[in-house]
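One structure below.
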Amino acid sequence: MRGQGAPADDWRDERWLVPGRTPRSDLVGLWQAVLWADGYLARSRVDCAYDTATVRATRVWQSNHGLSADGIVGPVTYGSAGRRLALLPPWTVYRGEVRDLPFRRGRGGAYEIYDAGHFRVLRLDRATLTLCRSR
């Protein structure tokens, strides 16, 4: 996951999250964190798995944001969420409905998240975040 310049379009080209077809990954954890920041998912449900609870929360989120509530996180859903990204140096922040979610753009614009005392690059292909590995 990478970004540069204005952050609003950083997420539009990310891997789609599709019910029943999405493996565990940090990208799923990021989407779950967005749902948490907006008050649609409990913090304890952030586990990097695109499970039934996450799909259900995604559908409600989509419906409440005027999108097709299909549970698929693709360019339209990422784009809607991405409009809430703001640069607050040194952070890129998702301005959630309930709480803000800070990230850092590291080398080459790679998104990093603070995890267990270190910044870690968000992985699209597997779950590496501490809270995801413990489950």
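Ligands, DNA and RNA left out, the 1.4 Å accessible surface of the chain is 52% carbon and sulfur atoms. By the equivalent-ellipsoid construction on the alpha carbon gyration tensor, the range 13-58 comes out with semi-axes of 15, 11, 9 Å, ordered largest to smallest.
Just the accessible area per residue of the chain, please: how many Å² with a 1.4 Å probe? If you can, show how the numbers build up before the last one.
Details: 6810 Å² over 135 residues.
Roughly 50 Å² per residue, with all protein chains present.
Considering helices alone, the calculated mean residue ellipticity of the chain at 222 nm is -8000 deg cm²/dmol, with DSSP H runs of length four and up weighted by -39500 (n - 2.57) and normalised per residue. Each residue was assigned an accessible area with a 1.4 Å probe, and for R83 the value is about 150 Å².
If the only charges are +1 at each Lys and Arg Cβ and -1 at each Asp and Glu Cβ, what is the size of the charge dipole of the chain around the Cα centre, to the nearest 20 debye?
Taking the Cα centre of the chain as origin, the dipole is about 240 debye.
The candidate values are [x] 30, 25, 13; [y] 24, 21, 13; [z] 20, 18, 14; the one derived from this structure for semi-axes √(5λ) of the Cα gyration tensor in Å carries the label [z].
Here the Karplus relation 6.51 cos²θ - 1.76 cosθ + 1.60, evaluated at θ = phi - 60°, turns the backbone of the range 115-130 into coupling constants of 9, 6, x, 9, 7, 10, 5, 6, 9, 8, 10, 6, 8, 10, 5, 3 Hz, with x for every Gly and Pro.
The values are calculated or read from the model by the stated rules, or taken from the named source; none is laboratory data. Given the structure is predicted, the values throughout are model-derived calculations rather than measurements. Cβ sites come from the backbone with ideal geometry, for glycine too, and all protein chains shown count toward neighbours. Please note that ligands, DNA and RNA were not included when accessible areas were found on the heavy atoms of the full protein model with its side chains. Shrake-Rupley method; radii C 1.70, N 1.55, O 1.52, S 1.80 Å.
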